[in-house]
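Visitor: Sharing a structure with you now.
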Amino acid sequence: MKDLKRLAFERKKAMSLLIAMSVLKGISMIGQAVFFVLAVDGVFIQDKSFAEIVPYLYALVATIIIRSASSYLIGRTGVNMAADVKKELRLKLVNSFKEDPLLSSAESPSGQKVGLLMDAVDETDGFFSKYIPQLMQSYVIPLLLLVAIVSQNWTTGLILLLTAPFIPVFMAIVGKRTKEKADEKVDQLNRFSGTFLDILQGLTTLRLFGQSDKQKEKIEKSSKDFRESTMDVLKSAFLSSLTLEYISMLSIGIIALEVGLRLVVFDNLSFFSAFFIMILVPDFFMMLKDFGSAFHSARGSLSAAQLLDEEFSKERTPVKWGETELAENRIPHIRLEDVGFSYNRNFALQQISFDIEAGKKIAIIGKSGSGKTTLLHIIAGLLPVKEGRILIEGKNREEISESSWFGHISYISQSPYLFAGTISENIAIGVTGVPSEEEIERAAMKAGLAQLIESLPAGYRTQVGEGGRGLSGGEKQRIALARAFLKKPAVVLFDEPTTGLDLKTEQILQQSIAELSRYATVITVAHRLHTIRNSDQIIYLEKGKVAAVGTHEELASDYETYRNLLPLQQGGALR
Amino acid sequence: MNGLSQILKLTLREKKDVTLAIIFGMLAGLASVALLASSGYLISKAALTGQLTVLIVIGACLKLFGLASALSRYSERLFSHRATFTMLGNLRVSFFERLSPVAPELYGKYRSGDLLSRIIGDVESLQNFLLRVFYPPVVLLLVFTGTILFTLYFSIQTAILLAAGFLLTTVAVPAYFAWRRRRNDWRIRESRGALSAEATEFLYGFRDLKIYRQLTGKEQQLTALIDSYNEEQRKEGKEEVYSQSINALVAFLISLAILAMGAYFTAAGELDGLFLAMLVMISFGVFENIAPMAAFPGHFEESRKAAARLEEVVGEAPRHKKTGELPADPLSISVRNLSYTFPDEQRPALDGISLNLPAGSKTAIVGASGSGKSTLLSVLMDVLPAGEGEITFNGRDSVEFSQESIWSRMNVVLQENHFFYGTIRSNLQLADSAADDAQLTEALQKVELADFSLDMEVEEKGQNLSGGERQRLAIARAILKAGELWLLDEPVSSVDSATGQLIYERLFRNYPGGTFIIISHDLSGLHAMDQILVMENGRLIEQGTYEELLEQKGYFYGMKELEREILA
């Protein structure tokens, strides 16, 4: 609430405009009442001719237009403020996503973040477009009306001053009760709305088990229960409106009586003043009641704001970078010194130290959960080095520029991402410039894609990714390879797939990595014996620590744990 | 429009609540008009006479009307919301009834979960239909009619002006803005869609973007889309404010016209000045009720679209009209030249598949991910239609038989199995509602889940269970179903391989007459199968027994070699 309010009050220009327009609206409301009353008073009490009151009618047209225009401007300012704040929030979100290193390491970030960017931000709209403008009007206009009323009859003003405070007080009391009731039932309510989703999601299962007819009753029952619970909450909310309405009705009644008494019995109030008061008093209460309903509609914004706040206040350790450029066309020497990293979970990489000489083939192996992929991400510069350091050509990597580093590496993950676009564009993403068609085709050929692509009617212009043609896992891998061939990196990081690839892709992957390794250091999280055996150096990880380093032969002869890992090679029985 | 009329029908099924809501809505509106009218009259009367009784009578009226208005408003809200929630319940049931026959195919065709969330969102957004679309114009019509009839007694001109005001503020202006909105609405949806797609790419493709140094470019695109979506929203918001202001302006001008007309006739002596203030107050009061109409265009468009989309989803007539029952004999399935292509894709997912699944045989399907194994299973299950070619059960074309009849014979375990919020017991009893605890426990034992209590809570989608537990629970559910056709899609991929083998062996031993069709990525243990089908790119490239395939030294052999290469 405070954050949202701060965001609103920061926009001084918009806020001043809101206040100015509220004042104008208040004045035009008073003006409108004045001229209405003057016109009626003119013909009714003072027996003026129609021609004599025509000026009042013109004045009325003017005040009505001013009132509508100021209302429009208030609404418009609210809408503008909401749009500006939403833009600011969205940009801030994108920025915070960008700085979250975990985003690049997660295999599939949840759709939740998209939801934050789209829905949560949209839900804050009501606060700025409705609540804030109403808040300003409720501050300014009732005050102006009160002044106008007091100027005509101070006792009416006194009655208003005595009765009006009941409205916010009751609003707060009943609002709190409603909220308590809603909180109390929130689980229950979520459950009910969840039931429908649950049943729809499981509809295939229900049909396969011949159970779908029974679910109809379940939906009926849960809908009824949902209705009863919601009505319970709503009843107390409606009761609060009833109370407010009753308070304002009562006050209007008292004021009418008071005004009537003064008119009839004491005869010390003019028809003009009486009528004027009777027009403005309902407006006065209407403003207060509108504030109540606007407050209600701001509720949704508050929970959305809380979600956003949680995202913004997450602790992030971005990867640090410097300014130094790496030499072009030179494979860098990489050295890890006591590198450590931990998630908030119970997992940590500790004291990882080894050297990666230029142009070597490195295999990282270990059981699942030993930290292989995390280590690869750290080497890639996707996750921060929390302890120790990584030296590139003897220089701390934190001094090297991000762009220069990423310009030197390729990363072939288990699930490369395809962007919406053509195959050609998806390969071209490998470089920052605009590659020629020949270059793209050559890269595709090396990645074993040429035949497949040429068999497609649209060839390299075939749309893939979201809303495009689906590619199989193997084909995606080959696109990633083509990106790497186009880029000609000095360091290739490769997360070897565990299952699900077709034989052809397997073969192409092996050939391609061999080809790439001729001009690059290749660091592989390896699952294939073939890859491991062909490596110059094997890093064996166990529970986040380097358990052994060496060649296949060295480890096979000296390290029993490693030997045990290789039963297949010894012709042992299948699992 | 067809969609909305369906919704209207559902809404009107709750006659009592809707009628009561309308009556109280009308009373509330009329009472508030009466309140203002009497206050106008009171003042005028009081200005002329010194009689205290008049004052007291009218003062009492004032209180009465105020109280009546507040109470009616309360009842109106109560009944209209009740009716809305009842309608929402009816809508859910009716939608479920219509979705149910087409669901498996629909879900199979559109593989994203997007469809479901859209459906649910649309159903929920229809709750505004009664409250903000259907109901306000009806109540306004009644309130205006009542008011106009009353004013007719005093001034026919005022009545005419009020009628004109009603037509303008409740019909013409909202209709005009609804039309404008309809013209512009696609733009906001388009920009929202574009932003959502771009954001998804930004988040899911983040790593690749970062490594390929495309992040800045993508971020600029994202920022541009944020901008354009924001601008569209801004336009929409301004449009709403504009429509609201125009409606209010029209109402004020009508009140002004009533004043001018009344003043003219009063000055001319044709209208008793006593009623002038009252008539003006009446017009104020009656136009106070039009506020909900400002939101009408938005809600109308939203409801119309939601209804149309829902109609589109369930509007497809169910493919199956056949009601034939499968013969009770053991079933042999035969597939000839089967092909299937997903909608919006060019490449067939299944391409010229022919195979035999004799009764009591055990078949394994293997191949790379994306090779069409699961699609083949879906077509065999009749969840997806056979695009080309035919499937026969004991020599009779499968299109003769109802889906229910086919499914009643199948024990299916899919890659993703749905579990409902409830208990282990309630989820298992889906398969056999008559099964007692002993039978349920036995089924759990068969899948090595003996330590599960039947009363254990299962959360939505079984999210409190591990992948392996869910798979085993799905197998237990299939065991309880007791059909003879077993269709298992990687049923133990998340279970450790020893336990997986144990479960397979138990199934084969306990159900010797069963026909098994198993998709597996694990090539070990396949020697027990009668035949192995190898798929690549939607085609069946090899088939035979384990020994035959190894001897061929073809694709299966290559896969086997590769598996040998992979470290645990």
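Any read-out appearing in this document is the output of simple, stated calculations on the displayed coordinates, not a laboratory observation. Note that the structure is a prediction, hence the values are computed from the model and not measured. Here the Cβ positions follow ideal geometry from the backbone for every residue, glycine too, while neighbour counts run over all protein chains shown.
Visitor: If one computes the Cα centroid of the range B:43-75 and of the range B:241-289, what distance in Å separates the two points?
Guide: Result: 21 Å between the Cα centres.
Visitor: Let me ask another. Taking the simple approach of a point 7 Å from Cα along Cα-to-Cβ for both A:Phe354 and A:Gln510, what is their distance in nm?
Guide: Distance between label points: 2.2 nm.
Visitor: Sum up the charges of everything whose Cβ sits under 15 Å from the Cβ of A:Gln152, counting Lys and Arg as +1 and Asp and Glu as -1, but leave A:Gln152 out.
Guide: Spelling it out: positives minus negatives among the neighbours equals -2.
Visitor: Which stretch or stretches of the range B:457-493 have amide N atoms under 16 Å from the point lying 7 Å from A:Phe347's Cα along the Cα→Cβ direction?
Guide: B:467
Visitor: Considering amide H positions built from the backbone, and no H for Pro or chain starts, which residues 5 or more places from A:Gly366, or on another chain, come under 5 Å of its amide H?
Guide: Those lying under 5 Å, H to H, from A:Gly366 are A:Leu541.
Visitor: For the range A:367-439, which GluC sites (Glu not before Pro) are both in a DSSP coil and crowded by at most 16 other Cβ atoms within 10 Å?
Guide: For GluC sites (Glu not before Pro) across the range A:367-439 that sit outside H, G, I, E and B with at most 16 neighbouring Cβ atoms in 10 Å, the list reads A:Glu393.
Visitor: If you average the sequence gap of Cα pairs under 8 Å that are 6 or more apart and divide by the length of chain A, what percent do you get for the contact order?
Guide: RCO, chain A: 14 percent.
Visitor: What FRET efficiency, computed as 1/(1 + (r/R0)^6) with R0 = 22 Å and r the Cβ-Cβ distance, is obtained for B:Asp329 and B:Glu390, rounded to the nearest 0.05?
Guide: 0.65
Visitor: What are the aspartates and glutamates whose alpha-carbon lies under 13 Å from the alpha-carbon of A:Lys395, with same-chain residues fewer than 8 places away excluded?
Guide: Answer for A:Lys395, where 13 Å is the Cα cut-off: A:Glu323, A:Glu325, A:Glu337, listed by chain and number.
Visitor: Just want to confirm a number: the relative contact order over the range B:21-175, from Cα pairs under 8 angstrom separated by 6+ residues, in percent.
Guide: Answer for the range B:21-175 is 30 percent.
Visitor: Also, I was wondering about something else. Using the charge dipole of the protein assembly as shown (Lys, Arg: +1 at Cβ; Asp, Glu: -1 at Cβ; taken about the Cα centre), state which of B:Leu380, B:Gln429, B:Phe401 has its Cα farthest towards the positive end.
Guide: Highest projection toward the positive end goes to B:Gln429.
Visitor: How much length would be gained if the chain were fully extended between A:Glu88 and A:Glu387, taking 0.36 nm per residue of separation minus their Cα-Cα distance, in nm to one decimal?
Guide: 104.2 nm
Visitor: At a Förster radius of 22 Å, what calculated FRET efficiency corresponds to the Cβ-Cβ distance of B:Leu149 and B:Val171, to the nearest 0.05?
Guide: My answer for the efficiency is 0.70.
Visitor: Another question about this same structure. Quick check for you: which residues of the range B:498-513 have the amide N under 20 Å from the point 7 Å beyond the Cα of B:Asn356 toward its beta carbon?
Guide: Inside the label zone: B:513.
Visitor: Helix-only mean residue ellipticity at 222 nm, chain A, DSSP H runs n ≥ 4 weighted -39,500 (n - 2.57), per residue, nearest 500. What is it?
Guide: Counting only the DSSP helices, I get -20500 deg cm²/dmol.
Visitor: Counting partner chain Cβ atoms within 10 Å of every residue's Cβ in B:550-562, what's the average?
Guide: Taking all residues of B:550-562 together, the mean is 2.
Visitor: If you count, for each residue, the other Cβ atoms within 10 Å and average over each peptide, how do B:77-84, A:456-463, B:543-550 line up from highest to lowest?
Guide: B:77-84, B:543-550, A:456-463
Visitor: Among B:Phe419, B:Phe154, A:Phe266, which comes first, then next, by fewest other beta-carbon atoms within 10 Å?
Guide: A:Phe266, B:Phe154, B:Phe419
Visitor: For B:250-260, what's the mean count of beta carbons from other chains sitting within 10 Å of each residue's beta carbon?
Guide: 4
Visitor: At q = 0.04, 0.08, 0.09, 0.10 Å⁻¹, what is the log10 ratio I(q)/I(0) for the protein assembly as shown, with the Debye formula run over Cα points and no solvent?
Guide: Here log10 of I(q) over I(0) equals -0.31, -0.98, -1.13, -1.29.
Visitor: Would you please give the FRET efficiency between B:Met456 and A:Glu325, computed as 1/(1 + (r/R0)^6) with r the Cβ-Cβ distance and R0 = 51 Å, to the nearest 0.05?
Guide: Working from the Cβ atoms, E equals 0.30.
Visitor: Please state, rounded to one decimal and in Å, the Kirkwood hydrodynamic radius that the range B:2-315 gives when every pair of distinct Cα atoms enters the mean of 1/r.
Guide: 22.9
Visitor: Oh, and also: Distance between the C-alpha centers of the range B:415-464 and the range A:289-368? Whole Å please.
Guide: Here the answer is 39 Å between Cα centres.
Visitor: Take peptides A:90-96, B:338-344, A:495-501 and line them up by average Cβ neighbours within 10 Å, highest first, as a rough protection proxy.
Guide: For the peptides A:90-96, B:338-344, A:495-501, the packing ranking is A:495-501, A:90-96, B:338-344.
Visitor: Between the range B:530-568 and the range B:172-216, what's the alpha-carbon centroid distance in Å?
Guide: That distance is 46 Å.
Visitor: Right, next: Among the listed pairs A:Lys181/B:Lys63; B:Lys373/B:Lys446; A:Lys179/A:Lys235; A:Lys361/A:Lys488, give every one whose C-alpha distance is greater than 20 Å.
Guide: In this structure, A:Lys181/B:Lys63; B:Lys373/B:Lys446 lie more than 20 Å apart at Cα.
Visitor: Can you give the extra length, in nm with one decimal, that the chain gains between A:Glu220 and A:Leu158 once fully stretched, where that is 0.36 nm per residue apart less the Cα-Cα distance?
Guide: 16.9 nm
Visitor: Per the Kirkwood treatment, what hydrodynamic radius in Å, one decimal, follows for chain A from the mean inverse distance over all distinct Cα pairs?
Guide: Every distinct Cα pair counted, the radius reaches 30.7 Å.
Visitor: Could you pull out which residues in the range B:268-290 have an amide N less than 16 Å from a spot 7 Å beyond the Cα of B:Ile160, following the Cα-Cβ vector?
Guide: B:270-271
Visitor: Now for a separate question. Output the relative contact order of chain B, whole-number percent, from Cα pairs under 8 angstrom with separation of 6+ residues.
Guide: 15
Visitor: Straight distance only, please: which lysines reach the Cα of B:Lys238 with their own Cα at less than 28 Å, same-chain residues fewer than 8 apart left out?
Guide: In chain and number order, the partners are A:Lys2, A:Lys5, A:Lys12, A:Lys13, A:Lys25, A:Lys86, A:Lys87, A:Lys92, A:Lys130, A:Lys289, B:Lys305.
Visitor: What lysines could a cross-link reach from B:Lys553, if we take a straight Cα to Cα line under 16 Å and drop same-chain neighbours fewer than 8 places away?
Guide: A:Lys504
Visitor: By the scheme Lys and Arg +1, Asp and Glu -1, what is the net charge of all other residues having a beta-carbon under 9 Å from that of B:Lys218?
Guide: Around B:Lys218, the surrounding residues sum to -3.
Visitor: What list of ³J(HN,Hα) couplings, whole Hz, do you get for the range A:306-320 from phi and the Karplus terms 6.51, -1.76, 1.60, once you set θ to phi - 60° and write x for glycine and proline?
Guide: In residue order, the calculated couplings are 5, 4, 4, 4, 4, 5, 5, 8, 4, 7, 10, 10, x, 5, 8 Hz.
Visitor: Partner chain Cβ atoms within 10 Å, averaged over the residues of A:407-415 - can you pull that number for me?
Guide: Partner-chain Cβ atoms within 10 Å, mean over residues of A:407-415: 2.
Visitor: Please report the antiparallel percentage of DSSP beta bridges with both residues in chain B, rounded to the nearest 5.
Guide: 50
Visitor: Could you work out the helix-only [θ] at 222 nm for chain B, with each DSSP H run of four or more residues adding -39,500 (n - 2.57) and the total divided by the number of residues, to the nearest 500 deg cm²/dmol?
Guide: Calculated mean residue ellipticity at 222 nm is -20500 deg cm²/dmol.
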